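The values are calculated or read from the model by the stated rules, or taken from the named source; none is laboratory data. The structure presented is a predicted model; accordingly, all values stated were derived computationally and were not measured. Cβ coordinates were reconstructed from backbone atoms using ideal geometry, including for glycine residues, and neighbour counts include every protein chain displayed.
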C-alpha cells in the first residue's frame, strides 16, 4: 500500500470521529469517568498534587504565577470562551439571533432556564456561606445536550436542534455575564483601563478592515487577555470580548469569487491540454493556479468563520477533555451519602433538573401564549418538554462556575456530585423521552 493511501486509511477514522458532534459528549464522559476513577485509586494523591504544581511565566518583575489547574481554567478555557464568543457573534449577525422574531423565543427560554435554577439553589442555601454557588445550576452543556439530539438522528426535527443550539448559546452568554459581574476578585482600575485601550484597538482594526488573524491574536492575547487577567475580572471575559472584535466581512463577494474560480478553472484546463508539449512548465503553472484557489477561498471566507472552524477540533477534542479530567476528579470519600443530601447537592440537582425544565417550558409557553413568539416549524410542545429535560445537563460550564464559587473542598465535592447526578439523570430522561415521542404529530 502506498504511503499516501496508508495515511488516508489510518487518518480517515480519526477525521470521521472529529466530524461527529456526538463524539464530543462521549469524550467528555470518558474524561470525567477517568478523572473520578483516578481520584479514587492509589494514584489519587498524585492526581490532586499534579494540578497544584505552579508554573511561572514572565520576565523579572513581570511574572504570572498560577498553579496548573488555574492555567487550565483561566488559560486553556479562554480559548473555549473565545469560540463561544465567535459562535455568539455569528448567530447575532446572521443566525438564529439575527432578528427579534428569531431570537425572542430562545432568549426567553434561556432566561427562564437560568432564573429558576438560581432561585431553587438560593432557596436551599439562603443564609449559608454556600449561597455563592447559585450560578452553578444555571448553565447548560451544549456539547452533551446537542450530542444527545444528534444521537436521536431523524427522530427529532432539525429546527429543534437549531432551537436548542440558540438556547445554549444565550445560556453561555448568561454564564459569561454572571462570571464577569459576580465571580470576580478585587478589581484593578489601572489594568481595566489598559484592557479598554486594547479593546479599542481591536474594534478600530475591525472597522478599518484589518483581517490579519495574527494581529488579532497578538492584541487579543498579549494585550486584552493579559490586562483583564491582571485586573481581577476573570480572564475568560477577555476571550469573549476579543471574539466580538474579529471581522465577519469578506474581502471578495460570492459572485466575484465564482467568476474568478471559473477563470482559474479554465486556465487549468488549458494548461492540462497543452501538457504534452512541455509537461514540466505546464505542471508548474497548474500548481500555481491551484494555489490561487486557496487564496480565493480565504478572501471569500470571513476571518470569524475561519477561526471558528479551525478552533473547533482543538477546543472539542483537546481543551474540553483536559478541563473535564482536571476538574471532575471527585473523591467518593468526600462525596459521601451525607454529602449528596447537603443543601449544595440538593440545590444543584433540583436546580438543574426541575429549575431548567420549569424555566424553559414556562417562559416558552408565556411568550407563545402572549403571541410574542411562535414555535419553530415542525416543533411541537412535546419537543419543547424534551429540551427542558436536556437543559438540565450542566456539565462543562457548571463545573467551571463551581471552581469560581467555592474554595471549600467539601462544597466543591458536593457541587460536582450534584452536577454529575443531575446531568446523568437529565440526559437519560431527555434521550428516552424524545426517542419515545419521535418525530410524529
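Only one entry in 350, 424, 399, 362 is without any contact (Cβ under 8 Å) to a residue 12 or more places away in the chain and assigned to a helix (DSSP H, G or I), namely 424. The listed residues are 97, 115, and the only one of them that is assigned by TED's automatic domain parsing to the domain that holds residue 341 and not in a helix (DSSP H, G or I) turns out to be 97. For region 259-280, the criterion of being part of a helix (DSSP H, G or I), touching a helix residue (DSSP H, G or I) at 6+ places or on another chain (Cβ under 6 Å) and modelled with pLDDT of 85 or more is satisfied by no residue at all. Against the criterion of being surrounded by 14 or more Cβ atoms within 10 Å (Cβ to Cβ) and modelled with pLDDT of 85 or more, residue 224 qualifies. Quick check, is residue 26 surrounded by 10 or more Cβ atoms within 10 Å (Cβ to Cβ), modelled with pLDDT of 80 or more and assigned by TED's automatic domain parsing to the domain that holds residue 356? Against the criterion (surrounded by 10 or more Cβ atoms within 10 Å (Cβ to Cβ), modelled with pLDDT of 80 or more and assigned by TED's automatic domain parsing to the domain that holds residue 356), residue 26 does not qualify. Entry remark, region 174-188: residues being touching a residue at least 24 places away in the same chain (Cβ under 8 Å) and surrounded by fewer than 19 Cβ atoms within 10 Å (Cβ to Cβ) number 8 in total.
Here residue 241 qualifies as assigned by TED's automatic domain parsing to the domain that holds residue 403 and either out of contact with any helix residue (DSSP H, G or I) (no Cβ under 7 Å at 6 or more places or on another chain) or closer than 19 Å to residue 307 by Cβ (or both).
Among the numbered conditions (1) surrounded by 24 or more Cβ atoms within 10 Å (Cβ to Cβ); (2) under 26 Å from residue 435 (Cβ atoms); (3) at pLDDT below 90, the only one that residue 387 does not meet is (3).
Which one is farthest from the chain's Cα centre (by Cα), of the residues in region 367-383 that are farther than 19 Å from residue 97 by Cα and in a helix (DSSP H, G or I)? Out of the qualifying residues, it is 369.
Count of region 120-179 residues, restricted to those that are in contact with a helix residue (DSSP H, G or I) (Cβ under 8 Å, 6 or more places away or on another chain) and either farther than 18 Å from residue 110 by Cα or not in a helix (DSSP H, G or I) (or both), is 20.
Conditions tested, residue by residue: (1) outside any helix (DSSP H, G or I); (2) surrounded by fewer than 20 Cβ atoms within 10 Å (Cβ to Cβ).
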residue	(1), (2)
49	no, yes
52	yes, yes
56	yes, yes
70	no, yes
80	no, no
91	no, no
